[in-house]
């Protein structure tokens, strides 16, 4: 059983993690030390574990994707500034569950200055913490380990001045998550690959769709395309036909596509730890009805307005505000809400039809880390940030006061966008999103 598809490609660019550790070391200084652990394996049932994925912060700084590992960054330490504790090689265990790097492999292949068996962490951490003023460690990412580390620190403090443990604890999350918010060229290259494979999956699903096909069959089509590229899904795939498209995180994917349904697919591939995230909505029978197209054109215009707002220096809220203005104007024109745009937005009358934000950061996590505001103000967009643009409109069955012709229509259009000095770079443009291009693609289905 393959745990993490990206583990197959050991050729993670380890220069990237090395650069990040150097940047973090500059923040720590000679008085600081950072300690973080890979999240543990989790049991699925009986003797079967869930496929393992190293937590993103750990992989970001180490490139290492095995469980039972701890990384320590200790600038100026005699035994080495970058220290890894990991599982030792074990031929018997490796026969059953796969190869391990071991301490020699971590030093040789992953750039550790020193490496020790994971069982030696407790014995060595006291000396590593000694004479450091500040401990940087994760919060809420690996609670069991974090609790144990703090207990160890309190034990050192109880020994008095002789132990000289850190006096201050700082969240490593805030430092690393700010670093992760700006992607370098290598990271963006990986995200282009994830986006390209995600796009190929969506195209294949559109071509496979027709009335009578099951939602789960389209899900399988997407995952097959991802798997052929050596990738895995970045999050559970959403395939919602008809009214199921009005359920934001619908993952049952168990219904048949009916003639006249719209199909909403929200799915993305993960490549070497980086996520793609695309949503497209298309007609099961290959042709938009007039009512469907009327709503779809509003959402598509909102998507394009949000993308256009992705410029360096614009507040992080700009894409949402741009998309929201278009959606509200459309709802007013359709008679779904009454009043002028400003009043509708201030009173949130649009929320029965659009109840979520337009954008989120994208990277190693599909809802990636990084603060949207600084000191209470929306932060300005900067080159290297990657975000999604994902407006939608939803008219659940039984929507009061709405023409029944619109009931059960859910539409969302999502693209992945890199902020650059030259304007927005759309990573997901390979997937058709205009009605004419979608209909042309579906008409090219070899079975039709």
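The values are calculated or read from the model by the stated rules, or taken from the named source; none is laboratory data. Just so you know, these numbers come straight off a predicted model, no measurement behind them. Positions of Cβ are generated from backbone atoms using ideal geometry, with glycine treated the same way; all protein chains shown enter the neighbour counts.
Worth pointing out:
- Entry remark, the stretch 131-170: residues being more than 28 Å from residue 361 (Cβ to Cβ) and assigned to a strand (DSSP E or B) number 1 in total.
- The residues listed here are 284, 275, 316, 269; of these, the one that is touching a strand residue (DSSP E or B) at 6+ places or on another chain (Cβ under 6 Å), in the same structural domain as residue 433 (by TED's automatic domain parsing) and within 30 Å of residue 189 (Cβ to Cβ) is 316.
- Of the listed requirements (1) loosely packed, with under 14 Cβ neighbours inside 10 Å; (2) closer than 30 Å to residue 54 by Cα, residue 347 misses just one: (2).
- Pairs meeting the criteria (first residue in the stretch 186-199 and in the same structural domain as residue 428 (by TED's automatic domain parsing), second residue modelled with pLDDT under 95 and surrounded by fewer than 24 Cβ atoms within 10 Å (Cβ to Cβ), beta carbons under 6 Å, at least 6 apart or on different chains) are 186/13; 186/16.
- Entry remark, the stretch 407-425: residues being surrounded by 18 or more Cβ atoms within 10 Å (Cβ to Cβ) and outside any loop (DSSP other than H, G, I, E, B) number 9 in total.
- Boolean, residue 18 is assigned to a helix (DSSP H, G or I) and exposed (fewer than 14 other Cβ atoms within 10 Å of the Cβ): no
- Residue 388 satisfies every condition listed in (1) more than 26 Å from residue 181 (Cβ to Cβ); (2) under 28 Å from the mean Cα position of the chain (by Cα) except (1).
- Residue that is farthest from residue 16 (Cα to Cα), among those in the stretch 227-260 that are without any contact (Cβ under 8 Å) to a residue 60 or more places away in the chain and buried (at least 20 other Cβ atoms within 10 Å of the Cβ): 257
- Filter pass, residue 303 being over 28 Å from residue 16 (Cβ atoms) and touching a strand residue (DSSP E or B) at 6+ places or on another chain (Cβ under 7 Å): yes
- Residue in the stretch 21-31 that is under 25 Å from residue 189 (Cβ atoms), in contact with a helix residue (DSSP H, G or I) (Cβ under 8 Å, 6 or more places away or on another chain), assigned by TED's automatic domain parsing to the domain that holds residue 142 and outside any helix (DSSP H, G or I) present: no
- In the stretch 126-138, the residues that are touching a residue at least 12 places away in the same chain (Cβ under 8 Å), under 13 Å from residue 83 (Cβ atoms) and surrounded by fewer than 21 Cβ atoms within 10 Å (Cβ to Cβ): 128
- Per the listing 153, 172, 73, 135, the residue uniquely at pLDDT below 95, over 20 Å from residue 52 (Cα atoms) and outside the structural domain of residue 382 (by TED's automatic domain parsing) is 153.
- Here the helices (runs of 4 or more DSSP H) wholly within the stretch 286-370 that include at least 1 residues being in contact with a helix residue (DSSP H, G or I) (Cβ under 8 Å, 6 or more places away or on another chain) and under 30 Å from residue 269 (Cα atoms) are 290-308, 318-334.
- Sole residue being in contact with a strand residue (DSSP E or B) (Cβ under 8 Å, 6 or more places away or on another chain), free of Cβ contacts under 8 Å to residues at least 24 places away in the same chain and more than 20 Å from residue 120 (Cα to Cα), chosen from 57, 31, 49: 49
- Residue match in the stretch 356-365 (condition: over 18 Å from residue 184 (Cα atoms), surrounded by fewer than 22 Cβ atoms within 10 Å (Cβ to Cβ) and free of Cβ contacts under 8 Å to residues at least 40 places away in the same chain): yes
- All positions within the stretch 176-201 that are surrounded by fewer than 17 Cβ atoms within 10 Å (Cβ to Cβ) and not in a helix (DSSP H, G or I): 182, 184
- Taking the listed residues 172, 156, the one that is surrounded by 20 or more Cβ atoms within 10 Å (Cβ to Cβ) and in contact with a helix residue (DSSP H, G or I) (Cβ under 9 Å, 6 or more places away or on another chain) is 172, with no other qualifying.
- Of all residues in the stretch 35-69, exactly one satisfies the criterion of being surrounded by 20 or more Cβ atoms within 10 Å (Cβ to Cβ) and more than 23 Å from the chain's Cα centre (by Cα), namely 35.
- Per-region count, the stretch 97-106, residues outside any loop (DSSP other than H, G, I, E, B) and either in contact with a helix residue (DSSP H, G or I) (Cβ under 8 Å, 6 or more places away or on another chain) or at pLDDT 95 or above (or both): 5
- Flag if residue 173 is farther than 30 Å from residue 133 by Cβ and either over 17 Å from the mean Cα position of the chain (by Cα) or not in a loop (DSSP other than H, G, I, E, B) (or both): no
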